[in-house]
1. If you take the beta carbon distance between Glu124 and Glu80 as r and set R0 to 35 Å, what does 1/(1 + (r/R0)^6) give as a FRET efficiency, to the nearest 0.05?
2. Rounding to the nearest 20 debye, state how big the charge dipole of the chain is about its Cα centre with +1 on each Lys and Arg Cβ and -1 on each Asp and Glu Cβ.
3. Along its principal axes, what span do the Cα atoms of the range 7-103 show, with the longest given first and each in whole Å?
4. With a Förster radius of 25 Å, plug the Cβ-Cβ distance of Cys53 and Lys22 into 1/(1 + (r/R0)^6) and report the FRET value to the nearest 0.05.
5. For the range 48-173, max minus min Cα coordinate along each principal axis, in Å, sorted largest first?
6. For a protection proxy built on the mean count of beta-carbon atoms within 10 angstrom, sort 144-154, 48-58 highest first, please.
7. Counting C-alpha atoms alone, how compact is the range 105-203: give Rg to one decimal and Dmax as a whole number, in angstrom.
8. Can you pull the one-decimal nm distance between simple spin-label points at Ile169 and Asn192, each 7 Å off the Cα toward Cβ?
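Since every read-out is calculated from the coordinates, none of them should be taken as a lab result. Owing to the predicted nature of the structure, the values given are computational and were not obtained by experimental measurement. No Cβ is skipped: glycine too gets one built from the backbone with ideal geometry, and neighbour counts run over all protein chains shown.
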Amino acid sequence: MTYTGGPLNELNGKMGISAPYKSVPVMKLIKNHNPKSKEELVELINWHYENKCECGVVSQGSVESFGKNLFNSQMEYWGEIRFTLQECIQWEYDLFVVQSLKGGTIEKKSISELQKEFTNFCFEEAKGYLDEELRIDIIIKKGGIEIGGIQVKPLTFKLIRREVITFNINANQKWGKPVYYLYYDEKEKFVNINDLVTEIKKL
């Protein structure tokens, strides 16, 4: 079972189990501490639950406790238990640890691939407000001025709940600059990079 699919995805979304204020703003944690392994990220999530860190990230629990929250929400949502506690913990682990670490490396890879195509544009990882509130992963700059942004998403993003997609688009629009989507497949190959390069050239 993968992070993007299945009934647990619906349950997790509808019950808000992985909402950052109920769990942990994991991408912010990764950007602040740059973990090199899955084990290190699991430890970081635990540590930010038990301790106060100067980075400002606060976790509401451990990956295991997020899995328990998912498990316990089944009765309220479905009126029955469809998945074991172990399956629920594994699902949250895939979401918070496996997919989040992949997301960070994919962003770096996309920046280097795009930079090869352009000499007059600069691509940088978005941070802070742009990243967390406006859902922008990469900033496109020309002459030091921000002129657009990019969101890097798995192809499966197109299949998720409509309201999640709409939420992302609405967040992007608050910036007032064009925001493009770069999609990658399960082999981490960028599927629409040529179209994106064409669009950026028009900026």
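1. Working: r = 48 Å, r/R0 = 1.37.
Once the sixth-power term is evaluated, E becomes 0.15.
2. Values: 27 positive and 28 negative charges, 134 e Å.
For the chain, the charge dipole is close to 640 debye.
3. Its Cα atoms span 41, 23, 18 Å along the three principal axes.
4. On the way: r = 19 Å, r/R0 = 0.75.
The calculated FRET efficiency here is 0.85.
5. Principal-axis extents of the range 48-173 (Cα, largest first): 56, 37, 24 Å.
6. On the way: 144-154: 17.4, 48-58: 13.1.
Descending mean neighbour count gives 144-154, 48-58.
7. 12.9, 38
8. Inter-label distance under the simple model: 1.1 nm.
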